[in-house]
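Data first, discussion second: the structure below is written as structure tokens.
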Amino acid sequence: MQAILLRQGAKQVELAQVPDPQCLPGQVLVQALDSGICGTDREMIQRQIVDVPRGRDYLVLGHEGLGKVVQTHAPDCDLQVGDLVVPLVRRSCGQCNACNTHHVDYCYTGKYTERGIHKQDGFFSEFYADSPQYLVKVPPRLEDLAVLAEPLSVTVKATRVAASLLNRVKFGGFYSQPGKRERALVAGHGAIGILGTLLLLEQGFDVYVLGRRPRGDFQRTLIEQLGIPYLDATTSQPTDLVKREGGFLLILEATGLSEVTFQLANYLSRNGTMVLTGVPRGPKTVQIDGNTLMANIVRTNQAIVGSVNAYTGCFHKALEYLAVFKKKHPQLMSRIITARYKPEEFEIPFARKDRDDIKVVIDFRKD
Ligand code: BGC
């Protein structure tokens with residue numbers, strides 16, 4: 001079958017013939033429909049990070065998938081041939097309590113694997129086999145958007161992590177004032193940022209988005225059309241707003257930039273929580289005013305917390321939210337997948353990220 005893979009030492013991905021996956025007892029075989037390209041894939045290519053499966057010199061990339069079940073060797077599961085599924089990314093280390101209780105995203109040993117990232121082939125191939133516990137069934141009416149379930153699951157988990165911290169500063173059911181809509185800031189507006197924005201809106205926050213795009217820019221316009229204020233980080237606008245109205249109770253970091261992230265802490269309100277989702281790779285020294293940062297965190301009960309990957313429950317919730325978003329924001333949802341390419345055209349999306357791109361998908365359907 002055809003697969004888009006990265007070889008050790010290579011600077012580019014290639015489309016190659018690889019052996020068909022074996023569908024072992026207890027597994028199901030999935031035919032790929034859509035597979036999404038993510039910043040992590042680009043970073044791996046750029047930095048030549050190829051964490052290959054044992055005994056191999058290449059890794060099939062792709063960790064955001066949507067496929068169709070074409071064969072099942074798992075008689076006891078509720079998946080049938082023809083069902084649409086989205087696969088989870090992480091696979092258990094088999095050794096720790098978190099993994100053994102289906103919270104692979106909280107693996108204690110670090111010996112987990114990740115499809116398309118760490119030591120296991122991903123979803124940029126015509127077929128992949130998996131055990132049903134790592135596949136989440138998708139309603140057919142969501143086929144057009146379900147490839148977004150993985151990035152959305154990451155934001156669902158991030159908001160759950162934030163909520164668990166924010167719950168400790170909720171009194172009598174409210175945060176700062178009874179009935180007040182609290183402010184949330186989303187930093188960055190790639191797929192995670194935009195989906196996170198919709199999620200926080202749905203959760204009742206007064207959402208702002210922070211970015212560096214000029215007026216008229218495609219992504220900025222999409223956000224502004226939702227009635228969401230866009231704060232331009234290249235001006236003093238965010239700082240002025242914080243001075244005038246107070247900071248944000250919740251900040252969702254979706255930039256992957258450490259130099260931006262630690263500055264964002266200045267925009268937190270008292271008792272505020274910032275949850276980080278970006279995974280920068282390689283070292284980078286950034287300058288921060290450590291004393292002020294530390295004093296503020298302590299004096300005002302702030303929390304800065306990381307959130308990686310997502311567990312099954314977050315994927316189910318992500319699919320529910322996708323249905324809600326599709327209904328409430330049809331315009332925006334029809335524009336998040338900004339381009340689709342056939343596997344043979346893989347060089348185009350991997351060579352360069354277009355400035356307007358939000359989610360680019362490789363479409364494995366045979367038509
Ligand atoms: C994926 C996560 C994964 C993380 C770290 C992200 O791009 O969405 O699921 O755990 O990379 O490898």
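The values are calculated or read from the model by the stated rules, or taken from the named source; none is laboratory data. Values in this document were obtained by computation on a predicted structure and should not be read as measured data. Note that we place each Cβ from the backbone using ideal geometry, even for glycine, and neighbour counts take in every protein chain shown. Just the protein is used for accessible areas: all its heavy atoms, side chains included, with ligands, DNA and RNA removed. Shrake-Rupley method; radii C 1.70, N 1.55, O 1.52, S 1.80 Å.
Within the range 118-164, the set of residues being surrounded by fewer than 22 Cβ atoms within 10 Å (Cβ to Cβ) and among the β-branched types (Val, Ile, Thr) comprises Val161 only. When the range 340-355 is filtered for residues that are surrounded by fewer than 17 Cβ atoms within 10 Å (Cβ to Cβ) and modelled with pLDDT of 95 or more, the ones remaining, listed by number, are Arg340, Tyr341, Lys342, Glu344, Glu345, Glu347, Ile348.
Looking only at residues of the range 22-47 that are farther than 18 Å from Pro343 by Cα and touching a strand residue (DSSP E or B) at 6+ places or on another chain (Cβ under 8 Å), we find that the one that is most open to solvent (accessible area, probe 1.4 Å) is Gln22. Taking Gly216, is it within 26 Å of Ile37 (Cβ to Cβ), at pLDDT 95 or above and touching a Leu at 6+ places or on another chain (Cβ under 8 Å)? It is false that Gly216 is within 26 Å of Ile37 (Cβ to Cβ), at pLDDT 95 or above and touching a Leu at 6+ places or on another chain (Cβ under 8 Å).
Residues in the range 239-256 that are touching a residue at least 40 places away in the same chain (Cβ under 8 Å) and either within 12 Å of Ser269 (Cβ to Cβ) or assigned to a helix (DSSP H, G or I) (or both): 7 in all. For the range 78-95, which residues satisfy the criterion of being open to solvent by less than 40 Å² (accessible area, probe 1.4 Å), among the aliphatic types (A, V, I, L, M) and farther than 19 Å from His63 by Cα? Result: Leu79, single match.
Evaluate the following for Gly313: is it on the phi < 0 side of the Ramachandran plot, within 16 Å of the ligand (Cβ to nearest atom) and without any contact (Cβ under 8 Å) to a residue 12 or more places away in the chain? Against the criterion (on the phi < 0 side of the Ramachandran plot, within 16 Å of the ligand (Cβ to nearest atom) and without any contact (Cβ under 8 Å) to a residue 12 or more places away in the chain), Gly313 qualifies. Residues in the range 137-151 that are under 15 Å from Ser35 (Cα atoms) and either assigned to a strand (DSSP E or B) or within 16 Å of the ligand (Cβ to nearest atom) (or both): Val138, Ala146, Val147, Leu148, Ala149, Glu150, Pro151. In the range 273-284, the residues that are closer than 18 Å to Glu43 by Cα reach residues that are more than 16 Å from the ligand (Cβ to nearest atom) and open to solvent by 50 Å² or more (accessible area, probe 1.4 Å) with C-beta atoms within less than 9 angstrom, at least six apart or across chains, in these pairs: Leu276/Ile304; Lys284/Glu259. So is Ala265 in contact with a helix residue (DSSP H, G or I) (Cβ under 6 Å, 6 or more places away or on another chain) and either in the same structural domain as His189 (by TED's automatic domain parsing) or open to solvent by 60 Å² or more (accessible area, probe 1.4 Å) (or both) or not? In short, yes.
Applying the criterion of being of a type in the set (Phe, Trp, Tyr) and either within 26 Å of Tyr58 (Cα to Cα) or assigned to a strand (DSSP E or B) (or both) to the residues of the range 96-128, the residue that is farthest from the ligand (Cβ to nearest atom) is Phe127.
Identify, please: which residue in the range 279-310 is within 16 Å of the ligand (Cβ to nearest atom) and surrounded by fewer than 20 Cβ atoms within 10 Å (Cβ to Cβ) and is, among those, nearest to Cys107 (Cα to Cα)?
The extreme case among them is Val308.
Do we have Leu33 as within 13 Å of the ligand (Cβ to nearest atom), among the aliphatic types (A, V, I, L, M) and either touching a residue at least 60 places away in the same chain (Cβ under 8 Å) or in the same structural domain as Asp357 (by TED's automatic domain parsing) (or both) here? Judged against the criteria, Leu33 is not a match.
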